[in-house]
Amino acid sequence: MKKFFVIGNPINHSLSPELHNYWLKENNINAIYEKKLMVTNDLKKLCDDIKERKIDGVNVTVPFKNIIINNLDNLTLEAKKTQSVNTIFLKNDQLIGHNTDIDGFELAVKDSKFELKDKKVLILGAGGVVSSIIFALNKMGVNEIMVSNRTKEKAENLNKLFKDIKIINWGEIPRFDMIINATSVGLSENDKIDLDFSKIQGEKLFYDIIYNPKETEFLRTGKRLGNKTENGKKMFIYQAAAAFKIWHGTQPEINEEVSKILD
Ligand code: ATR
């Protein structure tokens, strides 16, 4: 039986196993997908195990998306440009790191039917997933990408990877068409971002990477002000589906049943 893992720290909250195991069953694939709590020192052994075919593929989540790169032989263009890996596979005996968060974000935003071409986008946060969002937004032809992070230095580090982004001081809200919450604020029900959105007019898109809870305070505020809102559920499903396709060669079906797994 083939074996797949999602690794992270913490990892208990991850719903990747539910999704992947559902699709494995639907497609009659003899494999199992489990979550594994790891520390940085475990990463080398994990990668050796993939090379020795004891493990068939791995998804990587916070906080290892960047540091795992040290243990890989090659990166896809997307992983290289974002310095972020969420999917590992073996090809011609080489350990390859890829990034399906990019496609996940792009497909999710396309589903929302919000036209992004030539628009201004403000990203809140500068954590592990933000480089993927920037890459996807550039692909989608946005006009301007602004990044604001509580710790400015982390936003400035992103500026080294992506020269065209504009760094905004935390607390300032410039004019935008789409705003993305990529901070971890909202993961707990009572979390509230300490920013004043009251001057935002309607017709913008408020997008939250968080999908659990379904509606964060950030999305509730956006909605109350008359804007469109979208949570991170579709991005999560699409990034998982892209990893599944890489490992199994089959595009898994995304239907109501799949959506319910994450509710
Ligand atoms: P990592 O930084 O390890 O990649 P992450 O969960 O991907 O982890 O990122 C957490 C993001 O949420 C960061 O941008 C963090 O801001 P800092 O860089 O200043 O830590 C942001 N964040 C977490 N708590 C926050 C808070 N109370 N207010 C504003 N931003 C917060």
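The values are calculated or read from the model by the stated rules, or taken from the named source; none is laboratory data. Keep in mind it's a predicted model, so treat the numbers as computed, not measured. We place every Cβ from the backbone using ideal geometry, glycine too, and count neighbours over all the protein chains shown. Ligands, DNA and RNA are stripped out before the accessible areas are found, and what is left, the full protein with its side chains, is counted by its heavy atoms. Shrake-Rupley method; radii C 1.70, N 1.55, O 1.52, S 1.80 Å.
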Q: Could you grab the relative contact order for the chain? Cα pairs under 8 Å, six or more apart, rounded to a whole percent.
A: 16
**Q.** J(HN,Hα) series, the range 43-48, from Karplus relation 6.51 cos²θ - 1.76 cosθ + 1.60, nearest Hz, glycine and proline x
**A.** 5, 5, 4, 4, 5, 4
Q: For the range 199-263, build the convex hull from the C-alpha positions and give me its volume per residue in Å³.
A: 95
Q.
Let me cross-check His13: its accessible surface, 1.4 Å probe, with only protein heavy atoms counted, in Å² to the nearest 10?
A. 120
Q | Listed pairs Lys35/Lys117; Lys81/Lys119; Lys110/Lys166; Lys120/Lys233; Lys65/Lys199; Lys35/Lys110 exceeding 27 Å between Cα atoms | A | Lys35/Lys117; Lys65/Lys199; Lys35/Lys110
Q. For the chain, modelled as a Gaussian network with Cα springs under 10 Å, which listed residue fluctuates most, Gln201, Gln239, Gln83?
A. Gln201
Q: Based on a Kirkwood Rh over C-alpha pairs, give the Stokes-Einstein translational diffusion coefficient of the range 1-132 at 10 °C and viscosity 1.306 mPa s in µm²/s.
A: 100
Q) Most mobile of Gly249, Gly128, Gly97 per a Gaussian network model of the chain (Cα springs, under 10 Å)? A) Gly249
Q. What percent do you get for the relative contact order of the range 1-150 when only Cα pairs under 8 Å and 6+ apart count?
A. 19
Q | Alpha carbon centroid spacing (whole Å) that separates the range 248-262 from the range 194-216 | A | 27
Q: Using only Cα atoms, figure out Rg for the range 62-186 and give it as a multiple of 2.2 N^0.38 Å.
A: 1.08
Q. How much length is gained if the chain between Ser112 and Glu256 is pulled fully straight, taking 0.36 nm per residue apart and subtracting their Cα-Cα distance, in nm to one decimal?
A. 50.2 nm
Q | In the range 145-192, trypsin sites (Lys or Arg not before Pro) in a DSSP loop with at most 13 other beta-carbon atoms within 10 Å | A | Lys163, Arg175, Lys192
Q) Carbon and sulfur together cover what percent of the accessible area of the chain at a 1.4 Å probe radius? A) 46
Q: Work out, step by step, the length gained on full extension between Leu187 and Asn157: first 0.36 nm times the residue separation, then minus their alpha carbon distance; give nm to one decimal.
A: 8.3 nm
**Q.** Per residue value of the accessible surface for the range 1-114 (all protein chains in place, 1.4 Å probe), Å²
**A.** 50
Q. What does the helix-only formula give at 222 nm for the chain: each DSSP H stretch with n ≥ 4 adding -39500 (n - 2.57), the total divided by the residues, and the result rounded to the nearest 500 deg cm²/dmol?
A. -9500 deg cm²/dmol
Q: Give me the orientation-averaged projected area of the Cα convex hull of the range 59-98, in nm², one decimal.
A: 2.4
Q. In Å, what Rg and Dmax follow from the Cα atoms of the chain?
A. 18.3, 57
Q. Mean projection of the alpha-carbon convex hull of the range 37-112 over all orientations, in nm²?
A. 5.5
Q) In the Gaussian network model of the chain, springs joining C-alpha atoms below 10 Å, which of Ala243, Ala155, Ala31 carries the largest mean-square fluctuation? A) Ala31
Q: Starting from the Cα coordinates of the range 1-70, work out the convex hull volume and express it per residue in Å³.
A: 78
